[in-house]
1. Would you mention how many residues in region 105-129 are at pLDDT 85 or above and either aromatic (Phe, Trp, Tyr) or outside any helix (DSSP H, G or I) (or both)?
2. How about region 1-18: which of its residues are more than 50 Å from the chain's Cα centre (by Cα) and of a type in the set (D, E, K, R)?
3. So, in region 95-130, how many residues would count as being more than 30 Å from Ala73 (Cβ to Cβ) and of a type in the set (A, V, I, L, M)?
4. Give me a count of the residues in region 18-75 that are under 30 Å from Pro5 (Cβ atoms) and aliphatic (A, V, I, L, M).
5. Having 1 or more residues that are of a type in the set (D, E, K, R) is the bar; report the strands (runs of 3 or more DSSP E) wholly within region 1-73 that clear it.
Amino acid sequence: MSICPNCGYELVLLLSRLKYKCALCSRLYPQKEVETRNFRIWNQKQRENDFYNFGLEEEKRRKMLVERKIMKAFRFLFGNLPKNNSPEHKVLDREERVKLFKKEVLGKVYKKRLNGRLSFWRYKQKQLALQFLKNGKQEASKDNIFQTPFTFSLSQLLL
């Protein structure tokens, strides 16, 4: 319900005049003015509510991230403990876990180096093919046009 800005009493809509009238002080207010004011108040409350809810969600997300980090650290330190004592479940000691961790990290480093080497040699091959084409000075009107390099080596230029 709309409230009178003068006295705080409820406003009543007069359909014949399209205005709101205060039942206590008998003042008239345009319908558009009252409705826009009510909408602004409602919109402000919704913004505050959304901001508060966003803060709660952000806090919950941060707590979940911290919990995940802690659990990851526990798993790394203590390993995945078996649910039962069957011989299938092997508990790795700290040294074995460190070895596995180093192996994974070094494997990633090796792959990066290998990719770097491949890209370097592809670049060199591209430069060589460009130099060959530049030094060959072959034109479409000559008969030796068919002595160009293979299409595979030229396709590397597109990379």
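The values are calculated or read from the model by the stated rules, or taken from the named source; none is laboratory data. Quantities reported herein were computed from a predicted structural model and do not represent experimental measurements. Because the Cβ atoms are built from the backbone with ideal geometry, glycine has one as well, and the counts that use them run over all protein chains shown.
1. 3
2. Arg17
3. Pass one, region 95-130, residues more than 30 Å from Ala73 (Cβ to Cβ): 114-130.
Narrowing further to those that are of a type in the set (A, V, I, L, M): 114, 118, 128-130.
Residues that pass the stated criteria total 5.
4. 6
5. 19-22
Residue-wise test of (1) in contact with a helix residue (DSSP H, G or I) (Cβ under 6 Å, 6 or more places away or on another chain); (2) surrounded by 11 or more Cβ atoms within 10 Å (Cβ to Cβ); (3) at pLDDT 90 or above.
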site: Gly8; (1), (2), (3): no, no, no
site: Ser16; (1), (2), (3): no, no, no
site: Lys21; (1), (2), (3): no, yes, yes
site: Phe39; (1), (2), (3): no, no, yes
site: Asn53; (1), (2), (3): no, no, yes
